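Notes follow the structure.
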Amino acid sequence: MTTTALGIREYKRGLTDLGNGAYAWLQPDGGWGWSNAGLVVDGDESLLVDTLFDKYLTAEMLGAMQRAEPAAAEIGWLVNTHSNGDHCNGNELVTGAEIVASKACAEEMAHESPAMMAKLMAHAPEMGEVGEFFLHCFGNFAFEGIEQRPPTRTFEGAFDIRVGDKDVHLQQVGPAHTAGDVLAWVPSERLVYTGDILFIEGHPILWAGPVQNWIDACDYIEGLDPALVVPGHGPITDLRGVRAVRDYLVYIRDEARKRYDAGMPVLEAARDISLADYDSWGDAERIAVNTSVLYKEFAGDHGPNDTQALFAMMAQLHKERRG
């Protein structure tokens, strides 16, 4: 059933059976924090791709998976595709699993704690327009009492896992969205879980870059020739979704470059770049981050992002676009 322009399965909340022991957990509308996860089962062995933004959401997901597959009661492997909390904050509930991530993901995770998010959200009402935007993005999640559980095994490049008789190939494609993005490819099912390399029908957000790495990651996914693509956010898709994200990245890179070369300030450029071809995609305010990080890349600036300033720009654009 096609329910959206790029979706190939019905986009509804909960567990979607992809067949032959593979599953996706979906959270419409796929916006800020509403991430997807995956499960691969063969025999009495299982692998989970990502947890969710808080313990309540993760517990609900794990319960549904256990009802569908007894092997999910004792998950042997947990893969974190990257360091953002909506893909790893529930790790503590997957007891006994080997938690695998890229080395860069693990290093980045050490600087992104749920306790910091809880503190930020507690102070959001005092933070004016930016605080309002934080609450808009993250007000539906419970960050208190989360014990961060870091990876127990890290790798660089590639790592292969055997789940029963199935191979799961992990491929590091970051830095792109974050410092250590990883794809999980299940060749027997022609299925790939992409983490946030793919936002389907939502604007991607370029926290790390370089943008070419992200474009190359899309090309890598296309080269796998998957039949099913489970993105980090949004509906299950196919190669159309991969190409749409790639085309978006090429477009904003080229448009940002024109404005950088013309000396246009970042926020003015973010406002000026036409998103008419993407007006059905959510979270358009992310163009502020994308433009800012691209400007830094063009300038050869490898310093850290000013996250507070980026959120302030997004808050401003979000307010303007709401009218």
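Let me confirm something: among Ile205, Ile236, Ile221, Ile200, which residue is over 21 Å from Met314 (Cβ atoms), crowded, with 18+ Cβ neighbours inside 10 Å, touching a residue at least 60 places away in the same chain (Cβ under 8 Å) and not hydroxyl-bearing (Ser, Thr, Tyr)? Write out each step before concluding.
Details: Ile205 fails: over 21 Å from Met314 (Cβ atoms); Ile221 fails: touching a residue at least 60 places away in the same chain (Cβ under 8 Å); Ile200 fails: over 21 Å from Met314 (Cβ atoms).
None of the other options fit; the residue is Ile236.
Where residues in the range 117-168 are among the acidic types (Asp, Glu) and in contact (Cβ under 8 Å) with a residue 60 or more places away in the chain, which of them is nearest to Lys103 (Cα to Cα)?
As a first pass, look at the range 117-168 and keep what is among the acidic types (Asp, Glu): 126, 129, 132, 144, 147, 156, 160, 165, 167.
Going one step further and asking which of them are in contact (Cβ under 8 Å) with a residue 60 or more places away in the chain, we end up with 129, 132, 165.
Numbers: Glu129: 36, Glu132: 34, Asp165: 27 Å.
Residue satisfying both the conditions and the ranking: Asp165.
Among the listed residues Val163, Val130, identify the single one that is buried (at least 19 other Cβ atoms within 10 Å of the Cβ) and of a type outside the set (Asp, Glu).
Working: Val130 fails: buried (at least 19 other Cβ atoms within 10 Å of the Cβ).
Result of the check over Val163, Val130: Val163.
Which of the residues that make up the range 303-323 are of a type outside the set (Lys, Arg), at pLDDT below 95 and over 19 Å from Glu112 (Cβ atoms)?
Glu320, Gly323
If the requirement is being on the phi > 0 side of the Ramachandran plot and out of contact with any helix residue (DSSP H, G or I) (no Cβ under 6 Å at 6 or more places or on another chain), which of these qualifies: Gly202, Gly241, Gly195?
Gly195
I'd like the full set of residues that are among the hydrophobic types (A, V, I, L, M, F, W, C), in contact with a helix residue (DSSP H, G or I) (Cβ under 7 Å, 6 or more places away or on another chain) and surrounded by 15 or more Cβ atoms within 10 Å (Cβ to Cβ), limited to the range 133-154. Steps first, please.
To start, the set of residues in the range 133-154 that are among the hydrophobic types (A, V, I, L, M, F, W, C) comprises 133-135, 137-138, 141-143, 146.
Filter once more, so that each one left must be in contact with a helix residue (DSSP H, G or I) (Cβ under 7 Å, 6 or more places away or on another chain): 133-135, 138, 142-143, 146.
Passing the criteria: Phe133, Phe134, Phe138, Ala142, Phe143, Ile146.
Can you pull out the residues in the range 114-152 that are over 23 Å from the mean Cα position of the chain (by Cα), of a type in the set (Gly, Ala, Ser) and within 24 Å of Leu317 (Cβ to Cβ)?
The answer is Ala124, Gly128.
Looking at (1) over 30 Å from Gly7 (Cα atoms); (2) part of a helix (DSSP H, G or I), can you tell me which one Asp301 breaks?
(2)
Taking Ile75 and the conditions (1) out of contact with any Pro (no Cβ under 7 Å at 6 or more places or on another chain); (2) free of Cβ contacts under 8 Å to residues at least 60 places away in the same chain; (3) over 16 Å from Glu92 (Cα atoms), which numbered condition does it fall short on, given that it satisfies the others?
Just one mismatch for Ile75, condition (3).
Give the range 89-116 a look and list any residue that's aliphatic (A, V, I, L, M), free of Cβ contacts under 8 Å to residues at least 60 places away in the same chain and more than 25 Å from Gln27 (Cα to Cα), or say none.
Selection gives Ala110 alone.
Report, ordered by the first and then the second residue, all pairs with beta carbons closer than 6 Å, sequence separation of six or more or different chains, a first member in the range 277-299 that is charged (D, E, K, R), and a second member that is part of a helix (DSSP H, G or I).
Glu285/Met314; Glu285/Leu317; Glu285/His318
Report the residue count in the range 304-323 for those that are outside any helix (DSSP H, G or I) and free of Cβ contacts under 8 Å to residues at least 24 places away in the same chain.
Qualifying residue count for the region: 3.
Limited to the range 101-120, what total is found for residues that are crowded, with 20+ Cβ neighbours inside 10 Å and part of a helix (DSSP H, G or I)?
Going through the range 101-120 one residue at a time, the tally reaches 7.
Hey, could you check the range 259-289 for residues that are among the hydroxyl-bearing types (Ser, Thr, Tyr) and outside any helix (DSSP H, G or I) and say which is nearest to Gly31 (Cα to Cα)?
Filtering the range 259-289 down to residues among the hydroxyl-bearing types (Ser, Thr, Tyr) leaves 260, 274, 278, 280.
If we keep only those that are outside any helix (DSSP H, G or I) as well, we get 274, 280.
Numbers: Ser274: 21, Ser280: 13 Å.
Among residues in the range 259-289 that are among the hydroxyl-bearing types (Ser, Thr, Tyr) and outside any helix (DSSP H, G or I), the one nearest to Gly31 (Cα to Cα) is Ser280.
The values are calculated or read from the model by the stated rules, or taken from the named source; none is laboratory data. Only a predicted model underlies this, so the values are computations on that prediction, with no experimental measurement involved. Here the Cβ is made from the backbone with ideal geometry for all residues, glycine too, and neighbour counts use every protein chain on show.
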